[in-house]
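The values are calculated or read from the model by the stated rules, or taken from the named source; none is laboratory data. In this text the structure is predicted, and so the values were computed from the model without any measurement. A quick note on method: Cβ atoms are made from the backbone with ideal geometry, for glycine too, and the neighbour counts reach across all protein chains shown.
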Protein chains: 2
Amino acid sequence: MTNREDRSARNARHDKLRQSRARSPYLSIPFQTIHNSLTPVELLDGAGVERIHDASMRILEEFGIDFLDAEALDLWQQAGATVDHTKRRVKMERGLVLELVGKAPERFTWHARNPAHTIQIGGDQVVFAPNGGTVFASDLDNGRRPGTLADFHNFQKLVQMTGVLHVAGEQLVVPHDVQVSQRHLERLWAGFTLTDKAMMEAAHGRVIPADAIAAAEIIFGSPLPADGPVIGGIINANSPLRYDDRMIGGLITFARAGQVTIITPFILAGVMSPVTTAAALAQQNAEALAGIALTQLARPGAPVIYGGFTTNVDLKSGAPAFGTPEGAWALLLGAQMARRYRLPYRGSGTLTNAKVADAQAATETQWSIWPCMLARTNFVMHAVGWLESGLTASLEKFVMDVEHLAMFQHFLQGIDVSDAALALAEIGQIGPGGHHLGTQHTLDRYTTAFYQPFLADRLAYETWELAGRFDAPMRANLLWKELLAQYEAPPLDAAKRDALADFIARRKRELAGVELYR
Amino acid sequence: MTNREDRSARNARHDKLRQSRARSPYLSIPFQTIHNSLTPVELLDGAGVERIHDASMRILEEFGIDFLDAEALDLWQQAGATVDHTKRRVKMERGLVLELVGKAPERFTWHARNPAHTIQIGGDQVVFAPNGGTVFASDLDNGRRPGTLADFHNFQKLVQMTGVLHVAGEQLVVPHDVQVSQRHLERLWAGFTLTDKAMMEAAHGRVIPADAIAAAEIIFGSPLPADGPVIGGIINANSPLRYDDRMIGGLITFARAGQVTIITPFILAGVMSPVTTAAALAQQNAEALAGIALTQLARPGAPVIYGGFTTNVDLKSGAPAFGTPEGAWALLLGAQMARRYRLPYRGSGTLTNAKVADAQAATETQWSIWPCMLARTNFVMHAVGWLESGLTASLEKFVMDVEHLAMFQHFLQGIDVSDAALALAEIGQIGPGGHHLGTQHTLDRYTTAFYQPFLADRLAYETWELAGRFDAPMRANLLWKELLAQYEAPPLDAAKRDALADFIARRKRELAGVELYR
C-alpha cells in the first residue's frame, strides 16, 4: 500500500514535471550543428590583411616574443629560432612560423562523452561555450557574492540543460569554498558527471592539465581517441609579446596529448598595445601565431584554435571597455587573419561592463555577439552569463543570453523559397483586405513557423502590468530556478563513475596543501 | 549696477552651461554623412531574389491591388492597367510596373532649411530618423501617459540636439491635448522652429500634406527647390494588397509636388500574409512596387523610398512580434529587393515589444538595428525611442538608443592601416611586458582614439554602488533632463517665422472643427 501510494505520488510529481517542461520552450531548444552560411563581413580588403600579416611577421622577426619557460625555449632553439636565454626571448623567421602554423588542422572533431554532443570545430560551424573565469556569482535573490562550488554546480547544470550551448564550462565561476589545489578536481568531477558535453579544463601549469587528461582517460579510455581531442583549455598571452610559465605549461601539456588549445592574446588597446586597432591586431596576430607555432612544436598536427580577445581601454578610467566599436573591429579582423592561415577562430559573445543585467548589458552583449556571428567565429567563448567585465557570472544573464543564441540558431537556418513557401495560391485566395490566420497553410506551420521566445514578453501593457510588471531579469530569475528544479544528471557508466571518483579522491589527498597555479 | 550684476549672473550661468556641455560627450556627436561601406549581407542568392521578384509580379498581374481612391484608379486606367472600378482593384502587367518603377531616382538630395543638415538618400548613405506614430509618452518620473504637445516638443528638441539623427520627427508622439484638425499645424510649427533638420509630416489624406507643402514654401521659397525635395512622409499599404484613400491622398499629394514618399507595406506574417518569409516578402514587394509605381504616375521622377516593415505575429497571443529572427530576414531581403530595382531602402531601427527600457528592449532593438546596418538600409525610421511595439515613445529609451547609433557612426568609419597606425616602431620600443599608456603615440591619439560613450557605465563595482547603483534608464533619465535644460532653438529668419506663424494661425481657424484624417 505504502509503495503504491509512493508510486502514485511520484507519478503525480512526474506528471507535474512533464507539464511544466511542456510549458518551457527553453528545454525545446535543440542541440544541433549550427552552420553559419552568412558571407563573413570583411573589415579590410586583401591588401589590408597582408599589411597586418606583414607587420606581425616583422614583430616576430625583429622584436620577438618572451617565453618564460625553459622547455619552450628549448623547443624553439631545436626548431632553429634565435633564442636569447637571458631575456628568455625568441625571434623567429616568418618561414619557420608559417611552416609550423601550416601543420595545425583546419578543422577537427571534439569528442563529448555523449556522442550526440560531439562537435566539429572549423569551417562554417559555430560552437557556443559558456562563461569562464568569473570570480563572483550573482542573482536577484542573493545579490553578488564570491562564487562557491554550489554556484559552479548550478551553472554546470544549466549548461547541460541548454540545447544551444555546445561545451561544458570550465571555470564557470571560481569556487571560493574549495582549496585552490582541489578546485580543478571538483571542476572535473562536476564536468564529467553533471554534463555529457565536450569538456574544458583550465590549461594552467602542468599539473592541472595532466589531471584533466588522466580523468578524460577514465571516461574515454586510455589511450584517448586518436581521431580527435576530448578536452581543451584556453591559453592567454600576457600581452604585450609574452607567454608566462603557467600558460606555457598548459599549452605544452594539452598540445602534446593531442588536446585542444585555444590560443588567445588578451589585448587592451591603449595599454597592452598601441591605441590603434591596426597595431593591436598586428600584435595580436604575432602573439597568437607564436603560441600556435609552439603547439605544433609540442606535437605536429595538434588541434588548436586562433583566439582573439582584443578591445580598448577606457582612456578616462583605465578600465577595459567591452562591447565597443573597437572590439567589433578586432573581432572581424581577427577572424580574417585566422582564415588567412586556415585556422578555426575563437571570439567572445557577451562582453559587457554593466554591473546589472540591464539595457547596457544587453546592448554591449549584442555588440559582441553580432560581430562574432558576422566574423564567422567558430568557437564563441563567454557566450552567456557575463557581467561586470567578466568578474561576475549572473544566473539571470545566463538564461537571458541563451535567448539571443537560440535566435541566432534559428536565424542562421535562412529561409525557404520553394513554391510551397511562396504560397502564391494562398495569397490569391485570401486576396486584398483578408487575413491569413485560419488558412491551412498557416495551420500546417503554426507551431514551427516562427522562433518561439522563452523569455521575451509580448503581453499587452495592461496585462503585463496586472501580472506584476516583470522586467527581463525578473522573468529570468523565475526561469533559472524552474530549470534547476527540473535538472537530471545524464547517465554515466557506474564503473567509470567509480573509477573517476577514486581518481579524484586520490588526487585530492596527494595535492592537499600543494601550491598550484590557479 | 543692477545691469552689471545681471550680466555677471548671466555670465556665471553661461560658464556653468558651457562646463556642463563640455562634460557631456552627447553634444559632441557630429552631424555627418554616414557611409556604410560594409558589403550588404545577402539572405538569398540572385536566383532566390528572382523567385521573390517573379512571385510578386504574378501577384500584381493575376491578383491585383485594391486602390480605394478614385484619382488613383483613373491614373492606373490612363496608364493602361486593368481596372475593376467596382472592386476598385488594379491588375498591372510587369512591364508597366517596371517601366514606372524605373523612373524613380536611385538617389536624391533632401534639403533641410539649414544647408548643413541637408541629406543624401541612396547609395551607401545612412540616415537616421526618430520615432514616429507613437501614442504614449513615457519617462521614469511621470510614467506612461497619453502624449501631449509638450512631450512632442521635448522629443523634437532632443532630435535637434542629437548629432546622429538626420531628420526632424513628424509624429514623434500624438499630442492628445491638441484638436485633431490642428495637430499637423502644431507639428509643422514645432518642426520648422525647434529644428533645422530635414522635415517630415504625416502623409495622411490631401489636406495635411498640402498644408505641409504650403508651410515649406514659406520656409524654402515658392516654388520649392527643383533639385530635390524638402519634406516627406510615410505611406503604409493596408496589407494585404490594399491602399486606402487616406494613404493614397498623401502619396499623390506629396509625389505630385516632387516631395518624398516612403512606401512601406506593414506586414505581420501569419495575419496579413502567409507565415512564410518568402511569401511575406513577395507580397511586400508587390505592394511596395505598386505604390512606388503610383508615385511615378503622379509625377515621373518623384523621389521615393522602398520601405519594408515586415515581421511576424506571435502565434500564441496574436500580438506583433518585434526584434525577431523573422524580422531580420525580412529587413535583409527587403533591401535586396530594393537594390534590384535601384531604389533607396527604408528599414526600422528600434523595434521592440518590451514595456520598459530593459534588457529585452535593448536586445530586440539590436535585433532591428544590426540587420538594418547589414542590409545597407538608407533611411532608418524609428531609429530611437520605441517601446511597447511602437505604442510608447520613452525619453530614456531615446537617449539610450542614440548611444548605439553613435557607435555605428564610429564603427562604420572603419580602420586605418597606415604605417603610423601600425605603429611598429612603438611596439618594438615598448617590447615584451611593457605598457603603452604614456607613449607619444598614445598621447597624440588620446582624445579621439576610441568611441567615447555618454551613457555606458564603466565604473568599478564598488564605485558604481557608492554612486547609487544607477542602471541604464536611471542614467538616461538624468541625461535627457540635462539636455533639455540646455536646448537652444536654431536661428530662423524673422520674416519667415512671422509668415509661418500667420499661415499656421489662419489654417487653425479655417480647420477648426473640420474632420481630418489623423
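Report yes if B:Gln125 is surrounded by fewer than 20 Cβ atoms within 10 Å (Cβ to Cβ) and of a type in the set (S, T, N, Q), otherwise no. So B:Gln125 passes the test. Of the residues making up the range B:352-371, not a single one is within 24 Å of B:Pro25 (Cβ to Cβ), away from chain A (no Cβ under 12 Å), touching a strand residue (DSSP E or B) at 6+ places or on another chain (Cβ under 8 Å) and part of a helix (DSSP H, G or I). Considering (1) within 19 Å of the chain's Cα centre (by Cα); (2) more than 14 Å from chain A (Cβ to nearest Cβ); (3) not in a loop (DSSP other than H, G, I, E, B), the lone condition that B:Pro229 does not fulfil carries the number (3).
Select from the range B:327-386 the residues that are within 26 Å of B:Ser56 (Cβ to Cβ) and of a type in the set (Lys, Arg) and list them in ascending order. Scanning the range B:327-386 gives B:Arg339, B:Arg340, B:Arg342, B:Arg346, B:Arg376.
Within the range B:470-487, work out how many residues are within 12 Å of chain A (Cβ to nearest Cβ), in a helix (DSSP H, G or I) and either farther than 15 Å from B:Val402 by Cα or touching a residue at least 24 places away in the same chain (Cβ under 8 Å) (or both). Before the answer, list the steps.
Looking only at the range B:470-487, we keep the residues that are within 12 Å of chain A (Cβ to nearest Cβ), and these are B:470-476.
Checking which are in a helix (DSSP H, G or I) leaves us with B:472-476.
Add one more test, that the residue is either farther than 15 Å from B:Val402 by Cα or touching a residue at least 24 places away in the same chain (Cβ under 8 Å) (or both), and what stays is B:472-474, B:476.
Going through the range B:470-487 one residue at a time, the tally reaches 4.
The requirement of being more than 7 Å from chain A (Cβ to nearest Cβ), modelled with pLDDT of 95 or more and farther than 18 Å from A:Gln360 by Cα is not satisfied by B:Ala383. For the range B:345-374, filtered to residues that are touching a Gly at 6+ places or on another chain (Cβ under 6 Å) and aliphatic (A, V, I, L, M), the residue that is surrounded by the most Cβ atoms within 10 Å (Cβ to Cβ) is B:Ile369.
Note on the range B:419-451: among residues that are more than 7 Å from chain A (Cβ to nearest Cβ) and part of a helix (DSSP H, G or I), the one that is surrounded by the fewest Cβ atoms within 10 Å (Cβ to Cβ) is B:Gln440.
Only one of the listed residues (A:Asp502, A:Asp457, A:Asp498) is facing chain B (nearest Cβ under 7 Å), under 35 Å from the mean Cα position of the chain (by Cα) and farther than 30 Å from B:Gly46 by Cα. That residue is A:Asp457.
Limited to the range B:312-351, what total is found for residues that are more than 7 Å from chain A (Cβ to nearest Cβ) and of a type in the set (Val, Ile, Thr)?
Initial filter on the range B:312-351 (more than 7 Å from chain A (Cβ to nearest Cβ)): B:313, B:316, B:318, B:320, B:322-323, B:327, B:330-351.
Next, from what is left, pick out any that are of a type in the set (Val, Ile, Thr): B:313, B:350.
The number of residues fulfilling the criteria is 2.
Taken over the range B:282-300, the criterion of being within 14 Å of B:Ala55 (Cβ to Cβ) and away from chain A (no Cβ under 13 Å) is satisfied by B:Ala288, B:Leu289. Only one entry of B:Thr134, B:Thr118, B:Thr148, B:Thr109 meets the criterion of being of a type outside the set (A, V, I, L, M) and crowded, with 21+ Cβ neighbours inside 10 Å, and that entry is B:Thr134. Among residues that are within 20 Å of B:His441 (Cα to Cα) and among the hydrophobic types (A, V, I, L, M, F, W, C), A:Ala282 is included.
Restricting A:Ala423, A:Ala467, A:Ala472 to those that are among the small types (Gly, Ala, Ser) and modelled with pLDDT under 95 reduces the list to A:Ala467.
Checked against (1) surrounded by fewer than 24 Cβ atoms within 10 Å (Cβ to Cβ); (2) without any contact (Cβ under 8 Å) to a residue 12 or more places away in the chain; (3) in a helix (DSSP H, G or I), B:Arg339 passes all but a single condition, namely (2). Among the residues of the range A:172-188, just one is over 19 Å from A:Arg145 (Cβ atoms), under 20 Å from the mean Cα position of the chain (by Cα) and aliphatic (A, V, I, L, M), namely A:Leu188. The requirement of being assigned to a strand (DSSP E or B), in contact (Cβ under 8 Å) with a residue 60 or more places away in the chain, more than 8 Å from every other protein chain (Cβ to nearest Cβ) and farther than 20 Å from B:Thr324 by Cβ is fulfilled nowhere in the range A:396-411; no residue meets it.
Within the range B:52-86, being crowded, with 20+ Cβ neighbours inside 10 Å, at the interface with chain A (Cβ under 10 Å from one of its Cβ atoms) and under 30 Å from A:Ser418 (Cβ atoms) holds for B:Ile52, B:Ala55, B:Ser56, B:Ile59, B:Phe63, B:Gly64, B:Ile65, B:Asp66.
Conditions (1) within 10 Å of chain A (Cβ to nearest Cβ); (2) crowded, with 24+ Cβ neighbours inside 10 Å; (3) out of contact with any His (no Cβ under 6 Å at 6 or more places or on another chain), marked per residue:
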site: B:Glu217; (1), (2), (3): no, no, yes
site: B:Ser222; (1), (2), (3): no, no, yes
site: B:Ala255; (1), (2), (3): no, yes, yes
site: B:Phe266; (1), (2), (3): no, no, yes
site: B:Ala269; (1), (2), (3): yes, yes, yes
site: B:Pro274; (1), (2), (3): yes, yes, no
site: B:Ala280; (1), (2), (3): yes, yes, yes
site: B:Ala302; (1), (2), (3): no, yes, yes
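Contact map, the range B:457-469: residues that are touching a residue at least 60 places away in the same chain (Cβ under 8 Å) paired with residues that are of a type outside the set (Ser, Thr, Tyr), Cβ distance under 8 Å, separation 6+ or inter-chain. No pairs are found.
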